[in-house]
1. Provide ARG203, ARG229 ordered by accessible surface of protein heavy atoms (probe 1.4 Å), highest first.
2. Using only DSSP helix segments of four residues or longer, with each worth -39500 (n - 2.57), what per-residue ellipticity at 222 nm results for the chain after dividing by its residue count and rounding to 500?
3. Can you pull the percent of Cα pairs in the range 362-421 with separation above 15 Å?
4. In the neighborhood of SER289, defined by Cβ-to-Cβ distances under 9 Å, what is the net charge if each Lys or Arg adds +1 and each Asp or Glu adds -1?
5. For the chain, modelled as a GNM with alpha-carbon contacts under 10 angstrom, which of SER317, SER395, SER289 fluctuates the most?
6. If you add up the charges near CYS387, with Lys and Arg at +1 and Asp and Glu at -1, over every other residue whose beta carbon is less than 13 angstrom from its beta carbon, what do you get?
7. Hey, with R₀ at 41 Å, roughly what FRET efficiency would THR213 and SER395 work out to, going by the Cβ-Cβ distance, to 0.05?
8. Can you say what percent of the DSSP beta bridges in the chain, counting only those with both residues inside, are antiparallel? Round to 5.
Amino acid sequence: MREELLEKIGVKSLSDMQMAAVESIARGEGDVVVLSPTGSGKTLAYLLPIVESIERLGDASLQCVVMVPSRELARQSYDYARRLTRAVRFYACYGGRSAMFEHRELREAKPQVIFSTPGRLNDHIAKGNIDVSAVQWLIIDEFDKCLEFGFHDEMSRAVGSLPKDALRVLLSATDAEAIPDFVDMANVEKIDFLADNDPLSTRINKFVVRSTTADKLESVGILLRTFGRSRTIVYAGFRESVVRITDYLVSEGFVCASLHGGLEQEERNEAVYHFLNKSANILVSTNLSSRGLDLPDVDNIVHYHLPETQEDYIHRSGRTARWEAEGNTYFILSPKEHLPEYIGDDVLEVELPEDQPEVLLPELSTIYIGKGKNDKICKGDVLGLLCKKGGLTASDIGRIDIYDRFCRAAISRRKMTAVLKRLKGEKIKGVRTIVEEERGF
């Protein structure tokens with residue numbers, strides 16, 4: 001069973017940390033605290049033994065509650081779990097949408113595993129929307145961030161609502177100063193892969209770019225041109241700066257998505273989606289994307305504004321060089337700025353070219369198809385439409401996602417115009433539908 005699960009997500013073998021966590025959770029002899037660097041695969045480490053147990057025992061009731069500090073992490077953890085297996089029912093709860101809407105979906109979904117922010121979880125428990133009486137596992141992912149966000153009391157309330165014998169598993173990418181007092185420290189196994197382990201020292205190359213002016217827009221634009229089509233996250237300290245940088249880059253011809261706390265939840269989802277499906281190769285963001293999100297295959301991190309703390313630096317830069325990959329992190333310095341001491345001295349200077357390279361667009365773009373699950377559409381139907389009628393080959397097609405009322409697919413950008421022309425007025429499963437390119441994210 002395990003080999004089949006891992007194959008679905010492209011993992012050949014578990015790391016030492018993952019093996020230790022899986023074995024400890026599977027034994028169930030006491031609470032578990034897992035400390036391991038960003039990008040080391042902690043989500044799989046806790047999901048795998050729980051999924052294996054649920055599939056083996058077949059209990060249809062709610063078995064596991066996963067508390068997370070942010071809406072984005074709830075959604076991403078849910079998406080990851082769905083990739084791992086469809087034999088277990090999952091659901092994600094979070095603010096930014098109607099609790100009544102979630103209640104209706106919960107009744108239909110009957111989840112065995114729920115991912116939720118603490119406040120929304122307590123709301124559903126208090127209203128009787130979910131039955132937690134059979135919960136065997138409580139997972140608190142990024143528990144240090146939950147504490148930092150002031151969720152201690154909400155987490156304690158949720159813990160008090162769950163069965164006392166539920167196994168508690170806490171995970172973090174930093175060695176938090178405090179472990180929540182609801183953890184039984186007299187009977188806890190601490191799996192620590194942070195000690196004597198600087199995950200950024202060997203896997204991430206560090207560079208400095210010096211801007212001749214306090215306004216770094218031109219410098220970041222030139223730097224991004226040198227990256228070609230590489231996938232890059234640009235970090236800024238303020239949401240206003242994210243908007244300003246994004247507007248500038250778009251005016252220069254780049255394809256960008258932007259993410260900050262001032263966006264509505266659906267706008268956040270759209271930004272993350274188009275970066276994930278590789279139809280946007282640049283994400284401009286505040287620290288909102290520096291933790292919790294699974295953003296694979298990021299080549300470069302650009303610090304437009306310097307990280308305020310060493311922890312911010314670690315989590316920002318940890319978006320690249322995930323698992324065993326290597327990556328690059330760049331600091332753009334104005335004339336009066338200097339690198340913080342915690343960056344270290346193994347930093348190379350980069351000279352920006354006088355002759356600016358052209359902007360290279362992402363190889364993929366997103367196509368929208370106006371039929372979905374409610375119309376009995378599956379990925380095979382979309383693939384057939386794009387290949388048989390759109391003239392594409394499998395190598396021209398990336399990620400395909402099916403929603404209730406529509407579908408999306410990442411396809412070759414250079415073939416988009418021809419595909420739209422071929423599919424105009426076409427049918428999918430015998431029903432005529434709208435097919436268009438998604439823009440403006």
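The values are calculated or read from the model by the stated rules, or taken from the named source; none is laboratory data. Computed from a predicted model, the values in this text were never measured in an experiment. Neighbour counts are summed over all protein chains in view; Cβ atoms, including those assigned to glycine, are modelled from backbone coordinates with ideal geometry. Ligands, DNA and RNA are excluded from the accessible area calculation, which covers all protein heavy atoms including side chains. Shrake-Rupley method; radii C 1.70, N 1.55, O 1.52, S 1.80 Å.
1. Working: ARG203 50, ARG229 115 Å².
Largest to smallest exposure gives the sequence ARG229, ARG203.
2. Details: 14 runs with 142 residues, N = 441.
After summing the helix terms and dividing by the residues of the chain, the value is -9500 deg cm²/dmol.
3. Values: 734 of 1770 pairs.
When every Cα pair of the range 362-421 is considered, 41 percent fall beyond 15 Å.
4. On the way: positive: ARG291, ARG316, ARG319; negative: GLU72.
Result for the local shell: +2.
5. SER395
6. On the way: positive: LYS379, LYS388, LYS389, LYS415, ARG422; negative: ASP381, ASP396, GLU426.
With Lys, Arg at +1 and Asp, Glu at -1, the net is +2.
7. Details: r = 44 Å, r/R0 = 1.06.
Given R0 = 41 Å and the Cβ-Cβ separation, E is 0.40.
8. Details: 15 of 67 bridges.
So the antiparallel bridges amount to about 20 percent of the total.
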